[in-house]
Amino acid sequence: MKILLVGGTGTIGKRIAWRLQDKHEIITAGTKSGDVQFDMTTIRSIEELFEKIGKVDAIVIAAGGAPMAPVKDLSEEHFYQGFRSKMMGQINLALIGQKFLNSGGSITLTSGILAEDPIHMGAVLSTVNGAVNGFVIGAAGEMFQQGVRINVISPGIVEDSMDAIGGYFPGHNPVPMDKVVNAYIKSIEGIITGQIIKVY
Ligand SMILES: NC(=O)c1ccc[n+]([C@@H]2O[C@H](COP(=O)([O-])OP(=O)(O)OC[C@H]3O[C@@H](n4cnc5c(N)ncnc54)[C@H](OP(=O)(O)O)[C@@H]3O)[C@@H](O)[C@H]2O)c1
């Protein structure tokens with residue numbers, strides 16, 4: 001398969017790339033890193049990315065963020081930052097990318113445990129993760145009719161992020177990297193669609 005892996009140099013993405021690279025043709029993409037550069041927060045940049053790489057068999061996104069701040073300090077702009085990046089970045093990649101998928105292709109997005117298991121200062125991420133999950137539930141049926149599968153991986157905090165951000169997740173169990181990567185493999189190589197694949 002020819003696979004576009006957005007965020008393929010990141011903490012989760014590079015592990016996905018390592019597992020897939022012997023079996024598939026992987027194109028990694030990021031703003032500064034990867035095989036191709038683009039910005040998922042801009043529609044024109046997403047269109048240019050697909051015009052450059054052409055049709056693919058799978059689109060995988062392990063990228064997109066949202067600001068963390070106490071609820072008492074949150075403004076509308078904090079939410080719009082999360083919407084532009086992790087929410088609409090992924091949704092726009094799916095909407096534009098569906099036209100660049102070969103028959104039987106798949107789309108795999110990333111949300112996260114905060115959709116249902118909150119942490120201090122995580123309200124924007126909880127909101128955005130829930131929206132990404134909702135998009136997959138809402139879009140999967142019609143995409144299925146077009147021969148496209150779509151799933152979302154919802155990981156808990158992953159082992160490789162514990163040093164950097166583990167302090168924000170008291171009492172959470174770090175998820176082994178192999179377990180997280182397996183969820184992406186299931187979505188890419190398997191037959192499921194419309195699933196929120198929780199890896200906690
Ligand atoms: N790490 C965790 O424990 C964890 C748990 C649950 C959910 N998640 C979610 O999983 C996703 C990946 O997390 P991560 O920890 O692997 O992130 P990460 O280490 O920060 O890596 C982010 C990746 O995305 C790329 N990227 C960032 N902004 C981009 C943009 N605007 N356009 C295109 N590419 C962009 C980066 O490349 P450049 O630097 O070149 O832009 C990098 O390859 C995120 O959505 C995160 O919320 C992570």
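The values are calculated or read from the model by the stated rules, or taken from the named source; none is laboratory data. Quantities reported herein were computed from a predicted structural model and do not represent experimental measurements. FYI the Cβ positions are ideal-geometry reconstructions off the backbone, even for glycines, and counts take in every protein chain you see.
Tabulated results
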quantity	calculated
Leading residue by the ranking (nearest to the ligand (Cβ to nearest atom)) among those in the stretch 15-70 that are among the β-branched types (Val, Ile, Thr) and in a loop (DSSP other than H, G, I, E, B)	Thr31
Given (1) β-branched (Val, Ile, Thr); (2) under 16 Å from Asn129 (Cβ atoms); (3) loosely packed, with under 14 Cβ neighbours inside 10 Å, number of the condition Thr31 does not satisfy	(2)
Ile165 vs. criteria more than 24 Å from Phe38 (Cβ to Cβ), free of Cβ contacts under 8 Å to residues at least 12 places away in the same chain and either within 12 Å of the ligand (Cβ to nearest atom) or in a loop (DSSP other than H, G, I, E, B) (or both)	yes
Residues satisfying the stated conditions in the stretch 44-64, i.e. within 21 Å of Trp18 (Cα to Cα) and either modelled with pLDDT under 95 or of a type in the set (Asp, Glu) (or both)	Asp57
Residue count for the stretch 145-162, restricted to those that are near the ligand (Cβ under 10 Å from one of its atoms), in a loop (DSSP other than H, G, I, E, B) and hydrophobic (A, V, I, L, M, F, W, C)	1
Total residues in the stretch 168-192, condition in a helix (DSSP H, G or I) and more than 9 Å from the ligand (Cβ to nearest atom)	13
Candidates Thr41, Thr9, Thr28, filtered to the one that is modelled with pLDDT of 95 or more, of a type in the set (Ser, Thr, Tyr) and touching a Leu at 6+ places or on another chain (Cβ under 8 Å)	Thr28
Any hit, the stretch 95-110, residues being in contact with a Ser or Thr (Cβ under 8 Å, 6 or more places away or on another chain) and more than 14 Å from the ligand (Cβ to nearest atom)	yes
Any hit, the stretch 161-169, residues being polar (S, T, N, Q), surrounded by fewer than 20 Cβ atoms within 10 Å (Cβ to Cβ) and farther than 23 Å from Pro67 by Cβ	no
